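Contents: one structure, followed by commentary.
The values are calculated or read from the model by the stated rules, or taken from the named source; none is laboratory data. Source: prediction; values computed, not measured. We place every Cβ from the backbone using ideal geometry, glycine too, and count neighbours over all the protein chains shown.
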Amino acid sequence: LHNPFTNVAKQTDKPRRVVWQKDNIKKFMDTAFAEWRWRNVGLIVYMAYEWGQRLGDMRNLTWDMYNLDTGVLTLTQSKRRARVTIPTSESLQGMLKQQHKDYGWQKYIAPSTQEDGKGGLLPYSLRNLSRVGLTIMREAALPEELQLMDLRRTAITELVEAGVPLPNIMALSGHSTPQ
């Protein structure tokens with residue numbers, strides 16, 4: 001059999017290297033937390049940034065993954081299936097305790113407003129998270145080149161620049177190699 005795509009020239013994507021500046025992160029968070037309707041998206045983005053995790057994993061976090069007493073998140077990452085245990089800053093711990101008072105009655109830490117038909121709320125879909133996140137970014141007048149997914153890279157870059165040992169960063173990110 002002949003593969004017709006054997007001689008097709010493949011275009012390689014240029015790796016994305018965009019990182020957020022501190023003032024842009026602050027603008028996003030201030031804007032997201034200023035409106036109740038954007039609060040849960042703000043929390044998802046804040047958790048992704050602080051913990052250096054993917055937005056997809058953060059939108060699906062359930063209360064059984066987070067220990068309110070110790071402030072430790074235990075997560076099996078969706079992409080690499082790596083199991084990570086991550087401590088939480090006092091600031092985020094306080095927000096999550098308040099979130100538990102407001103949403104602890106249901107499964108997801110930062111749910112959408114869409115009901116699951118059983119009295120609970122569904123997690124944000126990636127599409128809806130992206131749509132609401134873009135709305136917040138535009139309201140905050142952030143540069144168009146920024147994307148929410150860049151916050152994971154930003155967090156990991158900040159850890160490297162702060163001198164955190166590479167094995168610790170790899171344990172947090174779930175990466176098996178430094179690349």
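Please verify whether region 69-80 includes one or more residues that are modelled with pLDDT of 95 or more, part of a loop (DSSP other than H, G, I, E, B) and surrounded by 14 or more Cβ atoms within 10 Å (Cβ to Cβ).
Yes, region 69-80 has at least one match.
Only one of (1) of a type in the set (Ser, Thr, Tyr); (2) more than 19 Å from Arg153 (Cβ to Cβ); (3) within 16 Å of the chain's Cα centre (by Cα) is not met by Thr70, so which one is it?
Checking Thr70 against (1) of a type in the set (Ser, Thr, Tyr); (2) more than 19 Å from Arg153 (Cβ to Cβ); (3) within 16 Å of the chain's Cα centre (by Cα), the one that fails is (3).
Out of (1) closer than 19 Å to Pro123 by Cβ; (2) under 14 Å from the mean Cα position of the chain (by Cα), the odd one out for Gly52 is which?
Going through (1) closer than 19 Å to Pro123 by Cβ; (2) under 14 Å from the mean Cα position of the chain (by Cα) one by one, Gly52 breaks only (1).
Give, as residue ranges, the helices (runs of 4 or more DSSP H) completely inside region 94-179 that count at least 1 residues that are charged (D, E, K, R), buried (at least 16 other Cβ atoms within 10 Å of the Cβ) and at pLDDT below 95.
Numbers: elements: 126-139, 150-161, 166-173.
Because the criterion is at least 1 residues that are charged (D, E, K, R), buried (at least 16 other Cβ atoms within 10 Å of the Cβ) and at pLDDT below 95, the helices (runs of 4 or more DSSP H) in region 94-179 that meet it are 150-161.
For Lys79, work out the one condition from (1) in contact (Cβ under 8 Å) with a residue 60 or more places away in the chain; (2) more than 15 Å from the chain's Cα centre (by Cα) it doesn't fulfil.
(2)
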